[in-house]
Structure formats: C-alpha cells, structure tokens
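**Student:** The structure follows.
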Amino acid sequence: MKAGSRIPLWIIALLAAICLGVLAWTTFGFVVPFKHETGQAVLDVYFAGYDQLTVGRMEQLLGQNEIANNLLRAMYVGPELIFPALLTALLLLVLMRLRPGGSYFARPISPVLVKLVYVLPFIYGLADYGENVASLIAFGDSAWTDPAAQLLPWMTRLKFASLAICVIVITRFALVRVMHRDDSEQ
C-alpha cells in the first residue's frame, strides 16, 4: 500500500469544503464590500497581475478611504490568515493521493521531479503569505513601504503562476490515473 492511498477521500472533500467556506467568507465579507465601497477590486483578485502604477493608485485610495483600508486589513488578519495554509494542505493532499509518477513521453519520471511536484503547493502558500505581508506593509506606514510595494506585483504573479501549475499538474496526473485504470479494465 502506497502512502497516498491511505489518505481518505472524505478528508480531501472536507478540506475542499472548508477552503470553499473560507473563500466565500473572503469574497462576500471583504472583496464584495471593498468593491462596493471603492468601485475597485482588491489587488488579490487581479489574476493577470498588475503594475507599480496600480499599487500606487491603491495606496492613494486607501489613504483617502478609511473604511476600505479597514476592510483590507481585516481581510488579511481574518480569512487570508488561514486560507493559504488550507489551500496548500488541500493541494498537497490531492497530489499525495494521486501519487505522481509513471512516465512522460514514454520515459520514466525522475524521482527528483516527483519530489519537486510536492514542493509546488508550498511555493503557492509562501507566495500567498508573501503577498499578504507585502500588502500590509505596502499600504501601511513603514520604512519598508516602497520595497514592499515593488515586491507586491511579483508576489501576486508568483502566487497565481504556482497555483496554475499545481492545477495543471493535478489535472495531468488525474487524467493519467484515469487512463491507466481504463487500460487495466480492458
């Protein structure tokens, strides 16, 4: 019996449900009210990324609107404090359940590459927490405001890129697993 097969599916489903609940809390408790208050979206939802000019406009907006500033800070010390850890755990458990391995273009996948696949969720988690910390610093009163504001767009890009790669890898291994199951049934 391999390690991944010992992870009950109900644990993954429960963790996914908790992630969806926290995501709903973030969306309906903070993102939507922020958009209603300011007419702008929080930077965390810019999937395609943003630039330094956008960060500057957000700094200006938060300096003029205390309610929006409080909403953003509450989001980072509320649901955004636990969501990256929950999603990282979910991605890791799904990868462990799928047990990455096998072959790629008729060549066996290197054990080193398999270990690197397990690192992907942690890259996402660290990037998401890094984005949150950079946001708190960039939109606060600190000597580190300018460096954090410059780092913020890169952290968001890294977060979404690593999340996209995780989803692609999970989809690939899930499809391979389903195809191998179909082959063994014939």
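**Student:** Could you tell me the center-to-center distance, by alpha carbons, between the stretch 9-30 and the stretch 70-85 in angstrom?
**Tutor:** 14
**Student:** Using θ = phi - 60° and the Karplus relation 6.51 cos²θ - 1.76 cosθ + 1.60, list the HN-Hα couplings for the stretch 113-122 in order, rounded to whole Hz, with x at every Gly or Pro.
**Tutor:** 5, 4, 5, 5, 4, 5, 7, 3, x, 5
**Student:** Let me ask you something else. Give the ranking of E66, E131, E37 by solvent-accessible surface, highest area first, calculated with a 1.4 Å probe.
**Tutor:** These residues rank, largest area first, as E66, E37, E131.
**Student:** Between I109 and residues 5 or more places away or on another chain, which pairs have amide H atoms under 5 Å apart, with H built 1.01 Å from N, and which residues are they?
**Tutor:** Amide H to amide H, under 5 Å and 5 or more residues apart or across chains, I109 pairs with G102, S103, Y104.
**Student:** Also, I was wondering about something else. Per residue, how much accessible surface does the stretch 1-134 expose to a 1.4 Å probe? Answer in Å², no decimals.
**Tutor:** Here the per-residue accessible area is 56 Å².
**Student:** Can you give the angle from 0 to 90° between the axis of helix 79-98 and the longest principal axis of the chain, with both taken from C-alpha atoms, to the nearest 10?
**Tutor:** 10
**Student:** What distance in nm separates the simple spin-label points at L20 and Q150, each placed 7 Å from Cα in the Cβ direction?
**Tutor:** It is 4.3 nm.
**Student:** Considering the zone a paramagnetic label at Q40 would reach in this model (a point 7 Å from Cα along the Cα-to-Cβ line), which residues of the stretch 116-158 have amide N under 19 Å from it?
**Tutor:** From the stretch 116-158, the list is 131-142, 145-157.
**Student:** Take M58, M96 and sort them by solvent-accessible surface of the protein heavy atoms, 1.4 Å probe, largest at the top.
**Tutor:** M96, M58
**Student:** Rounded, prolate or oblate: which one fits the stretch 2-57, using the alpha carbon gyration tensor with axes a ≥ b ≥ c (rounded when a/c is under 1.5, else prolate when a/b beats b/c, else oblate)?
**Tutor:** Taking the square roots of the gyration eigenvalues as a ≥ b ≥ c, the stretch 2-57 is oblate.
**Student:** Please report, as a whole percent, how much of the solvent-accessible surface of the chain comes from carbon and sulfur atoms (probe radius 1.4 Å).
**Tutor:** Heavy-atom surface of the chain belonging to carbon and sulfur, 1.4 Å probe: 70 percent.
The values are calculated or read from the model by the stated rules, or taken from the named source; none is laboratory data. Computed from a predicted model, the values in this text were never measured in an experiment. Reconstructed Cβ throughout: ideal geometry from the backbone, glycine too, with neighbour counts over all protein chains shown. The accessibility values were calculated without ligands, DNA or RNA, using every heavy atom of the protein model including side chains. Shrake-Rupley method; radii C 1.70, N 1.55, O 1.52, S 1.80 Å.
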